[in-house]
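Quick note: the coordinates plus some simple rules give every number you see, no bench work behind them. For clarity, every value in this text was computed on a predicted model and none was experimentally measured. For neighbour counting, all protein chains shown are included, and Cβ atoms are generated from backbone atoms with ideal geometry for every residue, glycine included.
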Amino acid sequence: MADVVQYRLERMVNELEDLERRGLFSRQEIAEVVRQRRKFEYRLKRPSPLKQDFLAYIEYEKQLDALRLSARRRWLGG
């Protein structure tokens with residue numbers, strides 16, 4: 001299970017590095033995103049994931065997208 005979670009997190013590295021490089025998120029914010037995603041990925045890989053686990057992960061990603069959009073608007077000055 002840990003190997004699958006680690007693989008999924010490693011696939012996210014380019015996206016997260018890009019967000020930091022563009023100045024949309026700080027190193028600490030990226031670390032928090034990784035921590036949260038790791039928590040969600042482990043929940044989804046347990047023997048019987050709950051519907052609520054999927055819904056919570058989706059909600060987190062929606063909120064993260066909203067933050068990303070807000071940071072981008074600030075960065076662009078609009």
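Observations
- A single entry from L64, L69 fulfils the requirement of being surrounded by 14 or more Cβ atoms within 10 Å (Cβ to Cβ) and not β-branched (V, I, T): L64.
- Restricting the range 1-53 to residues that are among the small types (G, A, S) and farther than 19 Å from A71 by Cβ, the residue that is surrounded by the most Cβ atoms within 10 Å (Cβ to Cβ) is A2.
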